[in-house]
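Asker: For reference, the structure I am asking about is given below.
The values are calculated or read from the model by the stated rules, or taken from the named source; none is laboratory data. Only a predicted model underlies this, so the values are computations on that prediction, with no experimental measurement involved. In this analysis, Cβ positions are derived from the backbone assuming ideal geometry, glycine residues included, and neighbour counts consider all displayed protein chains. Ligands, DNA and RNA are excluded from the accessible area calculation, which covers all protein heavy atoms including side chains. Shrake-Rupley method; radii C 1.70, N 1.55, O 1.52, S 1.80 Å.
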2 protein chains.
Amino acid sequence: MHTVEDDRLDAVFAALADPTRRAILARLAEGEASVAELARPFAMSQPAVSKHLKVLEGAGLVSRTQVATTRLSHLEAQPLAEADAWMRRYKRFWNEGFDKLDAALAAYRDQEDET
Amino acid sequence: MHTVEDDRLDAVFAALADPTRRAILARLAEGEASVAELARPFAMSQPAVSKHLKVLEGAGLVSRTQVATTRLSHLEAQPLAEADAWMRRYKRFWNEGFDKLDAALAAYRDQEDET
DNA sequence: CGGTTATGTAACTGAGCAGTTATAGAGTGC
DNA sequence: GCACTCTATAACTGCTCAGTTACATAACCG
């Protein structure tokens, strides 16, 4: 099985796998920004940032508007909702995980008590 | 900034970026499985699946136990909780996103009215 | 128009990844 | 100990990706 939603998730998760791109999203959460503004905090050339923006745009995580000579990038969080929807199926496991951790800690404590 | 949590998220999101690995996680959600069992549904060699498991294990998404000659893989969802925690910071945007769409449509309509 | 600023594109490099086949290792059962 | 099963590792290939520098566009400003 190889669905369209799969392709979407591929792109979203792959986009999120890079720390520079996550930092760009964090910056955009504070408001729109030009390429130059986004490039400044990173020890990285402008073309590199342009490429990251292209990846983010491809994943639907960023939209852009032309204003005079500058292109402003905007955060588009909707694909994150899709990723969240995928992960939601596993939420019961990570709650269960804490239960297991609790159980393990309890077992450990009991063992401690015995010794 | 390049934190340890970043490295963790790198590994988790990168692991999730591959549809085969997401399918493996889906299978493991139904219960532990051997490498051979995991390989069967995919048109893929056993070493390929072993590599995917190694990636998943590296991201902390899978743990393994040796039982006789077979190694059973178990889903470990805790890293998904970390990824979820990261995404949580953006949840307000994906609700807001629908509002913004409404606003954009309204602006477009106004512009149409003017011309 | 000419210069300047902001950004995208092209061509290249090095690294890493997903897959393959072939082989090695480790445990079980007899 | 031997054959068998399950899994990991090695070596290789083709592709993608993150980054670079150099150059091309495009829109403003005087």
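Asker: Could you order peptides A:49-61, A:31-43 by the average number of other Cβ atoms within 10 Å of their residues, highest first?
Answerer: Most protected by this proxy first, the peptides run A:49-61, A:31-43.
Asker: Under 8 Å for C-alpha pairs, at least 6 residues apart: give me the relative contact order for region A:4-88, rounded to a whole percent. Can you show the working numbers first?
Answerer: Working: 83 pairs, mean separation 28.7, N = 85.
Dividing the mean separation by the residue count of region A:4-88 yields 34 percent.
Asker: Within a 10 angstrom radius of each residue's Cβ in B:71-78, how many Cβ atoms of other chains show up on average? Whole number is fine. Present the calculation step by step, with values, prior to reporting the outcome.
Answerer: Working: counts 0, 0, 0, 0, 5, 4, 11, 6.
Average per residue, whole number: 3.
Asker: Next question. Once a ≥ b ≥ c are taken as the square roots of the eigenvalues of the Cα gyration tensor of region A:4-88, is the result rounded (a/c under 1.5), prolate (a/b larger than b/c) or oblate (a/b not larger than b/c)?
Answerer: Numbers: a/c = 2.05, a/b = 1.73, b/c = 1.19.
Verdict is prolate for region A:4-88.
Asker: Got the B:GLU30 label distances to the other copies yet, label 7 Å along Cα→Cβ, in nm, shortest first?
Answerer: For B:GLU30, the other copies' label points sit at 4.7 nm, shortest first.
Asker: A further question follows. Can you work out ³J(HN,Hα) from phi for every residue in region B:74-86, in order, using Karplus 6.51 cos²θ - 1.76 cosθ + 1.60 and θ = phi - 60°, giving whole Hz and x for Gly and Pro?
Answerer: The phi angles translate into 10, 5, 10, 8, 4, x, 5, 5, 5, 4, 4, 4, 4 Hz.
Asker: While we're looking at this one, here's another question. From the label point of A:ARG64, set 7 Å from Cα along Cα→Cβ, how far away are the matching label points in the other copies, in nm, ordered shortest to longest?
Answerer: Label-point distances to the other copies, shortest first: 4.2 nm.
Asker: Hey, what's region A:4-88 come to in accessible area per residue, 1.4 Å probe, Å²?
Answerer: Working: 3950 Å² over 85 residues.
Here the residues of region A:4-88 average 46 Å² of exposed surface.
Asker: Mind checking the mean number of beta-carbon atoms from other chains within 10 Å of the Cβ atoms in A:13-25?
Answerer: Values: counts 11, 5, 2, 10, 9, 5, 9, 1, 1, 5, 3, 0, 4.
Shielding by partners across A:13-25 averages 5.
Asker: Could you look at region A:4-88 and say what percent of its accessible area is carbon and sulfur, using a 1.4 Å probe and all protein chains? Mind dumping the intermediate values first?
Answerer: Working: 2150 of 3950 Å².
Looking at region A:4-88 in its full context, I get 54 percent from C and S.
Asker: Quick check on region A:55-99: take the gyration tensor over C-alpha atoms, sort the square-rooted eigenvalues as a ≥ b ≥ c, and tell me if it's rounded (a/c under 1.5), prolate or oblate. Walk me through the intermediate numbers first.
Answerer: Details: a/c = 5.58, a/b = 4.28, b/c = 1.30.
Prolate is the answer for region A:55-99, as a/c is 1.5 or above and a/b outweighs b/c.
Asker: What are the nm distances, shortest first, from B:ALA85 to its equivalents in the other copies, labels at 7 Å along Cα→Cβ?
Answerer: With the label placed 7 Å along Cα→Cβ, B:ALA85 yields 2.6 nm.
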